[in-house]
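Peer 1: Just dropping this structure here.
The values are calculated or read from the model by the stated rules, or taken from the named source; none is laboratory data. Computed from a predicted structure; not experimentally measured. Cβ: placed from backbone, ideal geometry, glycine included. Neighbour counts: every protein chain shown.
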Amino acid sequence: MTTELTYLALTLILALVQVFLPAGARTAEFGSKWNAGPRDETPAAKKPLTGRLERAQANLYETLPLFIGAVLIAHVIEASSALTVWGSALYFWARVVYVPLYALGIPYIRSLVWLVSLAGLVMVLTSLFL
C-alpha cells in the first residue's frame, strides 16, 4: 500500500473515531435511556464539549470527500510524489491535532491547524495536474 493510501486509511479511522466522540458525549449528557430510545428529538447540547465534538466531526466531513477523491485519483494516475506524500501527511496529522484543539475551545491555533490541513489537500490536488 502506498504512503498516500495509508494516510487515507488512517483518515478514515479518524473519521470513525469522530463518529464515536460526539456520540459518547451526547450519551454522557442525555443518558443511556435517550441513547437506546428512538431519538425522535435530540435536545440541544448544553455542555460545550458535546457541541464542539459535533462541529469538529462536521468540519472533517466537509473536506473528507475531497481528500478521498484526490488521493484515489492520484493513485489511479500514478501521480505519487513528494507532493502527494507530504500533502496526505499534512492533511491527516492536522486533522488529528484539530480534534483536541476544537474540543478544548482553543481559537486561532485551531484555525491555523485547519489551514494546514487545507494546504495538505491542495498539495494532493495540485499533484494531479503536474
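Peer 1: Report yes if A79 is closer than 30 Å to T6 by Cα, modelled with pLDDT under 95 and not polar (S, T, N, Q), otherwise no.
Peer 2: Yes; evaluated as a whole, the condition is true for this residue.
Peer 1: Restricting attention to the stretch 30-60, which residues are in contact (Cβ under 8 Å) with a residue 24 or more places away in the chain and among the basic types (K, R)? Give the steps one after another, and end with the answer.
Peer 2: Step one: of the stretch 30-60, the residues in contact (Cβ under 8 Å) with a residue 24 or more places away in the chain are 48-50, 52-57, 59-60.
Within the stretch 30-60, R52, R55 qualify.
Peer 1: Within the stretch 6-28, restricting attention to residues that are β-branched (V, I, T) and modelled with pLDDT of 95 or more, which residue is surrounded by the most Cβ atoms within 10 Å (Cβ to Cβ)? Steps first, answer last, please.
Peer 2: Of the residues in the stretch 6-28, the ones β-branched (V, I, T) are 6, 11, 13, 17, 19, 27.
Now drop any that are not modelled with pLDDT of 95 or more, which leaves 6, 11, 13, 17, 19.
On the way: T6: 14, T11: 21, I13: 11, V17: 13, V19: 11.
Out of the qualifying residues, it is T11.
Peer 1: Take the stretch 29-65 and flag every residue that is assigned to a loop (DSSP other than H, G, I, E, B) and either under 30 Å from L112 (Cα atoms) or at pLDDT 95 or above (or both).
Peer 2: If the condition is that a residue be assigned to a loop (DSSP other than H, G, I, E, B) and either under 30 Å from L112 (Cα atoms) or at pLDDT 95 or above (or both), then A44, A45, K46, K47 are the ones that fit.
Peer 1: G87: farther than 17 Å from A15 by Cβ, at pLDDT 95 or above and in a helix (DSSP H, G or I), yes or no?
Peer 2: yes
Peer 1: What residue, of T27, T2, T63, T6, is in contact with a His (Cβ under 7 Å, 6 or more places away or on another chain) and either free of Cβ contacts under 8 Å to residues at least 12 places away in the same chain or closer than 22 Å to L125 by Cα (or both)?
Peer 2: That would be T2, the only listed residue that is in contact with a His (Cβ under 7 Å, 6 or more places away or on another chain) and either free of Cβ contacts under 8 Å to residues at least 12 places away in the same chain or closer than 22 Å to L125 by Cα (or both).
Residues checked against (1) loosely packed, with under 12 Cβ neighbours inside 10 Å; (2) within 22 Å of Y7 (Cβ to Cβ); (3) within 12 Å of the chain's Cα centre (by Cα):
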site	(1), (2), (3)
N35	no, no, no
P43	yes, no, no
G69	no, yes, no
W86	no, yes, no
A89	no, yes, no
S117	no, yes, yes
T126	no, yes, no
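Peer 1: Now for a different question. Going residue by residue through the stretch 48-65, is there one that turns out to be more than 16 Å from the chain's Cα centre (by Cα) and not polar (S, T, N, Q)?
Peer 2: yes
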